[in-house]
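Only one structure is covered here, and it is reproduced in the block below.
The values are calculated or read from the model by the stated rules, or taken from the named source; none is laboratory data. Bear in mind the structure is a predicted one, so any value in this text is a computation, not a measurement. Here Cβ is always computed from backbone atoms with ideal geometry, including for glycine, and neighbour counts include all displayed protein chains. Keep in mind that these areas ignore ligands, DNA and RNA; they rest on the heavy atoms of the full protein, side chains included. Shrake-Rupley method; radii C 1.70, N 1.55, O 1.52, S 1.80 Å.
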Amino acid sequence: QVQLVESGGGLVPPGGSLRLSCAASGRTSSSGVMGWFRLASGNERAFVGGISWSGTNTDYGDFVKGRFTISRDNAKNTVYLQMNSLKPEDTAVYYCAAGRVWTRSPSWYVYWGQGTQVTVSS
C-alpha cells in the first residue's frame, strides 16, 4: 500500500502561482510513476502531468502549455506541481496518483490522494 497526501492548495488570483506537494508513504517502491490529475465540477478527471521514477521523463496535459512544472524528490518521497500563470479555468480539485505504467489514463494509477482544492479567482 502507498498513502498519498496532497497539500498546498488554496485561493489565488488569476496570474498567480501555487506549488502543490504530494507526500508518499508506505511501499513507495510501488509508486514509480507519479501523476497529477484534476477534477473540476461537472467534468471528468483530467491528466495534468506525470513524472517517471528518475524524474528524467515528464509529460503534461495539453492545456498546461508550459505553465506547470512537475518534479520529485525521491529522498523525501515527495512530488511537486509548480503552477504558474494560473487561470480561473484551472480551478479544480487536484489529485496526485501513483502507479507503474507510464500513461495519461487515470485508470492505470493504483494509489490516489484525497485531493487539494485550487481556486483561481479575483
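Tabulated values for the structure
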read-out: Spacing of the two label points (7 Å from each Cα toward its C-beta) at Leu39 and Gln1, in nm; value: 2.0 nm
read-out: Added length on full extension, which subtracts the Cα-Cα distance from 0.36 nm per residue, Asn74 to Thr56; value: 5.2 nm
read-out: Candidates per chymotrypsin sites (Phe, Trp or Tyr not before Pro) in region 12-119, loop by DSSP, up to 16 other Cβ within 10 Å; value: Trp53, Phe63, Trp102
read-out: Ser121 versus Phe63: modelled label distance in nm, points set 7 Å from Cα along the beta carbon direction; value: 1.7 nm
read-out: Probe 1.4 Å, accessible area per residue of the chain, Å²; value: 50 Å²
read-out: Magnitude of the charge dipole, the chain, Cβ model with Lys/Arg +1 and Asp/Glu -1, debye to 20; value: 180 debye
read-out: For Leu86, distant residues with modelled amide H under 5 Å away; value: Gly15, Gly16
read-out: Accessible surface of the chain, 1.4 Å probe, proportion on carbon and sulfur as whole %; value: 48 percent
read-out: Region 1-108, relative contact order in percent, only Cα pairs under 8 angstrom and at least six apart counted; value: 34 percent
read-out: Residue-by-residue Karplus 3J(HN,Hα) for region 104-117, coefficients 6.51, -1.76, 1.60, Hz, glycine and proline x; value: 8, 7, x, 5, 8, 8, 8, 10, 9, x, 8, x, 9, 7
read-out: In region 60-95, the trypsin sites (Lys or Arg not before Pro) that fall in loop regions by DSSP, at most 13 other Cβ within 10 Å; value: Lys65, Lys76
read-out: Fully extended contour minus Cα-Cα distance, from Gln82 to Ser25, at 0.36 nm per residue; value: 18.4 nm
